[in-house]
Amino acid sequence: MENFNPDVLISEEELALRIDALAKAISQDYQGEEIVIVCVLKGAFMFCSDLIKKIDRPLTLEFIKVSSYGDRTVIYGMVKFE
């Protein structure tokens, strides 16, 4: 079996720096407020996890599952919220 090795477009270090900057901006913009974070399962979970660990505000985490594939392997144009 051949290994899949895609080109890296954004390094892990660059991504970590951007997540830090985004978390800092969110923390500053929402001072004194509780934040509700809505994470789209399953694709955004790891990003969301990294982000919320860096936000310095009280927050609530909610999840939403969205599907545009159904039982197919290609998108068929309808988005289903589960």
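The values are calculated or read from the model by the stated rules, or taken from the named source; none is laboratory data. Predicted model only: the values in this text are computed from it and were never measured. Here the Cβ positions follow ideal geometry from the backbone for every residue, glycine too, while neighbour counts run over all protein chains shown. Protein only, heavy atoms only, side chains kept; ligands, DNA and RNA dropped before computing areas. Shrake-Rupley method; radii C 1.70, N 1.55, O 1.52, S 1.80 Å.
Averaged per residue, what accessible area in Å² does the stretch 1-52 show with a 1.4 Å probe, protein chains only?
86 Å²
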### Query
So, in nm, how far is label Glu13 from label Glu33 when the simple model puts each one 7 Å beyond its Cα toward the Cβ?
3.5 nm
### Query
Which residues' amide hydrogens lie under 5 Å from the amide hydrogen of Phe63, considering only partners 5 or more residues apart or on another chain, with H built in the peptide plane?
Cys39
### Message
Loop-only trypsin sites (Lys or Arg not before Pro) in the stretch 1-59, please: DSSP not H, G, I, E or B, and at most 10 other Cβ atoms within 10 Å.
### Response
Lys42
